[in-house]
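Enquirer: Please read through the structure below; I'll follow up with questions.
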Amino acid sequence: MKNILEYLEISAEKYPKKTAIADRDKSCTFGELKNSASLLGNHPVLKNSTDSPVGIFASHSAETIILMLGVLYSGNFYVPLNPDLPCDKLSQIITDSGMTVIIGTDMEEKAKQSGFDGTYIDFSEIPANGEVALIPNISQTAPMFAIYTSGSTGKPKGVLKNHLSMISFIEAYVDEFGFDENIVIGNQTPFFFDASAKDIYLMLRTGARMEILPAEFFSFPVMLIKYMNERKVSFISWVPTALSIVTKLNTFSEVLPLYLEKVFFVGEAFPAKQLKKWMTALPDVKFVNLYGSSETAGICCFCGITEAPEEDGQLPIGKPLKNCNVFLMDDGKFVTDGVGEIHVSGNSLADCYYNDEEKTQNSFFIGELPDGSRNRVFRTGDIAKYNENGDLIFVSRRDNQIKHLGYRIELGEIEHTAQSIDGVAKACCVYNRKRQKIILVCEPSPQSTITADEIRRIIKTKLADYMHPAKVLTMDALPLNANGKTDRPLIEKIVMKEKN
Amino acid sequence: MEELLEILEEINPDIDYETATALIDGKMLDSFSIVSLVTEISDAFDIEISPKYLVPENFNSVQAMMKMIETIQDEE
């Protein structure tokens, strides 16, 4: 296999007339997908470079998939951009990646407002016919896409993956779960999130149809399930937050998903109570807990769930997918008994944090594996242990990274953003897991009259919406620990007490 | 009404609920807010909001929500 585009070429050859992607109003066949993507790949501006980042505004539509694949046909790699991101954040990503081309639909103004001075190509400029690009002669180790995630220093970091990493994952995924062209994928994850690649490349690899589920239906899940029935959705891989909305609103008392066969969940722990409701309502469906990280393509561990755990029980992360070597380490030694940090090795590892050698060296290294061989290893920052079945169980995070509504967030990024506001001397951000609320505590500068409400309003213009604190509080002075550092545990205690 | 406004303020204080008429259609409240809202309303008004009431029309304005609450209270 040359590179990931062969998935598309093969599916377009086998199923030219079969629907590849459908949303509420439009659909696109594998033949059309290949045609549009290869036409875009021949765009003179894109043809000017290889292995370079190309920004794409990733709306939740079939167009975005055409843009991604078109960029790959041109021999470059894509960087999905959240169209709703504040200009400040977009500007950081544009600068950090050094992208000189951005493609989107009616987004030229937003690109400019974000300080972009390169070439903007609008989706409408893609010709309906003409000369197409052939599958580029780039190797599997060529860069494929970079996704920016929350960074603890306040600057988003771009995780760069190559073609091989995604091929390695998809082959193992299809092999493990027996996916074929007959499944219908119900996509929930927006295309600017790493987790969506699982749906996209599964669709391309198998020739299955991907139904893009309208985001607004998640507010009214009866409509969502009815829509899934209309479209015969048989497989979903969602964040537990999305799955929980369905059961929290008692949807199954009104309507059941009739075609669903597999339900996968990924990104955070699925509350046992909600999982139990899913499993009771759908006894014939296969439920699987997935574990992964943006630094590896797709996922690296999985655990089939046959019985919902007790109320406060925990779901295992499970065992490695075939393409991954997953092991625990503590202080440079392998851990088989007790807790250790999850390390992953294998072809699905990301190349690096784009343009950040230091961060890359902190998280990726060449080391010895439990079998004595040497390979590249990624240090996940997740602490875990084994249970009696040899399944991994998540214990905690090494740092201040949290999962909120399925999104990966560095609390440090929110703190840095708060501290960049005039009048804020110090900030400490904590997370109330039980109530799923981000709470920001700020210490105003001595002469400042800034209020909590003002801080909250400014923060909203600087961060993606899922990172907005639910509450902002001010304290005359943040408490310090014995080392003179902000006493985070004490602040957590104070804040949680106040019914936040 | 007061009670409902309090619940809404808690969920998102930046919306002028007294005049808003497109809370859902205008994407002012997201799915996570709806879940909190339904839970809070059920608790505060001691009602059970069955899924058949969960349609955008019932949540686009404070007036629509109040009407829905009263309908459910009458039914119960």
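Enquirer: Roughly how far apart, in whole Å, are the Cα centres of region A:186-224 and region A:38-105?
Expert: Cα centroid to Cα centroid, the span is 20 Å.
Enquirer: Taking the Cα centre of region B:2-75 as the origin and placing charges on Cβ (Lys, Arg +1; Asp, Glu -1), which of B:Leu37, B:Pro13, B:Pro51 is farthest toward the positive end of the dipole?
Expert: Value: B:Pro51.
Enquirer: If r is the Cβ-Cβ distance from A:Arg397 to B:Glu70 and R0 is 45 Å, what FRET efficiency results, to the nearest 0.05? Provide the component values of the computation, followed by the final result.
Expert: Values: r = 46 Å, r/R0 = 1.02.
For R0 = 45 Å, the calculated efficiency reads 0.45.
Enquirer: If you don't mind, another one. Enumerate the lysines that A:Lys497 could reach by cross-link, defined here as Cα to Cα under 19 Å, with residues fewer than 8 away along the same chain left out.
Expert: Within the straight-line limit of under 19 Å, A:Lys497 reaches these lysines: A:Lys434, A:Lys437, A:Lys471.
Enquirer: Once you list every other residue whose beta carbon is under 13 Å from the beta carbon of A:Val266, what net charge do they have if Lys and Arg are +1 and Asp and Glu are -1?
Expert: Details: positive: A:Lys198, A:Lys262, A:Lys403, A:Arg408; negative: A:Asp194, A:Asp199, A:Glu268.
Result for the neighbourhood of A:Val266: +1.
Enquirer: Using modelled backbone amide H atoms (1.01 Å from N, in-plane), which distant-in-sequence or interchain residues come within less than 5 Å of A:Val159's amide H?
Expert: Placed amide hydrogens put A:Ile147, A:Tyr148, A:Thr149, A:Tyr354 under 5 Å from A:Val159.
Enquirer: OK, next. Just to be sure I understand the model, the point goes 7 Å from the Cα along the line to the Cβ. What's the resulting A:Gln447 to A:Asp175 distance in nm?
Expert: 6.7
Enquirer: Can I ask one more? Taking 0.36 nm per residue of separation and subtracting the Cα-Cα distance, what length does fully extending A:Arg376 through A:Thr153 add?
Expert: Details: separation 223, 0.36 × 223 = 80.28 nm, distance 2.52 nm.
Contour length minus the Cα-Cα distance gives 77.8 nm.
Enquirer: What dipole magnitude, in Debye to the nearest 20, does the protein assembly as shown give about its Cα centre under +1 on Lys/Arg Cβ and -1 on Asp/Glu Cβ?
Expert: Numbers: 56 positive and 82 negative charges, 299 e Å.
Computed about the Cα centre, the dipole is about 1440 debye.
Enquirer: What value, in deg cm²/dmol to 500, does the helix sum -39500 (n - 2.57) over DSSP H runs of n ≥ 4 give at 222 nm once divided by the residues of chain A?
Expert: Values: 15 runs with 145 residues, N = 500.
So the calculated ellipticity at 222 nm is -8500 deg cm²/dmol.
Enquirer: To continue, here is another question. In region A:1-102, if the dipole is taken from +1 on Lys/Arg beta carbons and -1 on Asp/Glu beta carbons about the Cα centre, which of A:Thr50, A:Leu39, A:Met99 is farthest to the positive end?
Expert: The one lying farthest along the dipole's positive direction is A:Leu39.
Enquirer: What list of ³J(HN,Hα) values in whole Hz, one per residue of region A:142-154 in order, does the Karplus curve 6.51 cos²θ - 1.76 cosθ + 1.60 (θ = phi - 60°) give from phi, with Gly and Pro shown as x?
Expert: 5, x, 10, 7, 10, 10, 8, 10, 4, x, 5, 8, x
Enquirer: Here's a follow-up. What is the packing order of peptides A:97-104, B:2-9, taking the mean over residues of other C-beta atoms within 10 Å and listing the highest first? Working shown, then result.
Expert: Values: A:97-104: 21.6, B:2-9: 14.0.
Top to bottom by mean Cβ count within 10 Å: A:97-104, B:2-9.
Enquirer: Taking H placed 1.01 Å from N in the peptide plane, check which residues at least 5 places from A:Ala20 or on another chain put their amide H under 5 Å from its amide H.
Expert: A:Cys28, A:Thr29, A:Phe30
Enquirer: Can you give the FRET efficiency to the nearest 0.05 for A:Asp476 and A:Tyr259, using r as the Cβ-Cβ distance and R₀ = 51 Å?
Expert: Working: r = 58 Å, r/R0 = 1.14.
My answer for the efficiency is 0.30.
Enquirer: For A:Ser420 and A:Asp465, calculate 0.36 nm times their separation in residues minus their Cα-Cα distance, and state this gained length in nm to one decimal. The partial results should precede the final answer.
Expert: On the way: separation 45, 0.36 × 45 = 16.20 nm, distance 1.80 nm.
My answer for the length gained is 14.4 nm.
Enquirer: Across peptide A:220-233, what mean number of C-beta atoms from other chains lies inside 10 Å of a residue's C-beta?
Expert: Numbers: counts 9, 5, 6, 4, 1, 1, 0, 0, 0, 0, 0, 0, 0, 0.
Partner Cβ neighbours, averaged per residue: 2.
Enquirer: Have a look at the DSSP beta bridges in the protein assembly as shown and tell me what percent are antiparallel, nearest 5. Spell out each step's value before the answer.
Expert: On the way: 57 of 90 bridges.
DSSP beta bridges in the protein assembly as shown are roughly 65 percent antiparallel.
Enquirer: Roughly how compact is the protein assembly as shown, stated as its Cα Rg over 2.2 N^0.38 Å to two decimals? Numbers along the way, then the final one.
Expert: Details: Rg = 24.0 Å, N = 576, 2.2 N^0.38 = 24.6 Å.
Ratio of Cα Rg to 2.2 N^0.38 Å: 0.98.
Enquirer: What pairs in A:Lys359/A:Lys460; A:Lys26/A:Lys89; A:Lys157/A:Lys462; A:Lys155/A:Lys403 have C-alpha atoms more than 20 Å from each other? List each step's numbers first, then the result.
Expert: On the way: A:Lys359/A:Lys460 27 Å; A:Lys26/A:Lys89 31 Å; A:Lys157/A:Lys462 16 Å; A:Lys155/A:Lys403 18 Å.
With Cα atoms farther than 20 Å apart: A:Lys359/A:Lys460; A:Lys26/A:Lys89.
Enquirer: Quote the FRET efficiency, to the nearest 0.05, computed for A:Leu490 versus A:Arg24 with a Förster distance R0 of 51 Å and r equal to the Cβ-Cβ distance. Spell out each step's value before the answer.
Expert: Values: r = 49 Å, r/R0 = 0.97.
Once rounded, the FRET efficiency stands at 0.55.
Enquirer: Looking at chain A, identify the longest residue range that excludes and avoids all trypsin sites (Lys or Arg not before Pro) in DSSP loops having at most 15 other Cβ atoms within 10 Å. Intermediate results must be reported in sequence, preceding the final value.
Expert: Numbers: sites that count: A:Lys2, A:Lys17, A:Lys18, A:Arg24, A:Lys26, A:Lys232, A:Lys322, A:Arg398, A:Arg433, A:Lys434, A:Arg435, A:Lys485, A:Lys499.
Within chain A, the longest run free of exposed trypsin sites (Lys or Arg not before Pro) spans A:27-231.
Enquirer: Could you tell me how many cubic angstrom of Cα convex hull volume region A:5-305 has per residue?
Expert: Given the Cα convex hull of region A:5-305, per-residue volume reads 130 Å³.
Enquirer: Next question, about the same structure. What is the spin-label model distance, in nm, from A:Glu108 to A:Asp331 if the labels are put 7 Å beyond Cα along the C-beta direction?
Expert: About 6.2 nm, to one decimal.
Enquirer: Need one word for region A:19-141: rounded, prolate or oblate. Basis is the Cα gyration tensor (sqrt eigenvalues a ≥ b ≥ c); a/c below 1.5 gives rounded, then a/b vs b/c decides. Walk me through the numbers on the way to the answer.
Expert: Working: a/c = 1.85, a/b = 1.27, b/c = 1.46.
Since a/c reaches 1.5 but b/c is at least a/b, the shape of region A:19-141 is classed as oblate.
Enquirer: If I histogram all Cα-Cα distances within region A:405-497 using bins 5 Å wide from 0, what percent of pairs lands in each bin?
Expert: For region A:405-497, the pair-distance distribution reads 3, 14, 28, 25, 19, 9, 2, 0.
Laboratory data are not the source of any read-out in this text; all were calculated from the coordinates shown. Predicted model only: the values in this text are computed from it and were never measured. Counting neighbours? That spans all protein chains shown, and the Cβs are built from the backbone with ideal geometry, glycine included.
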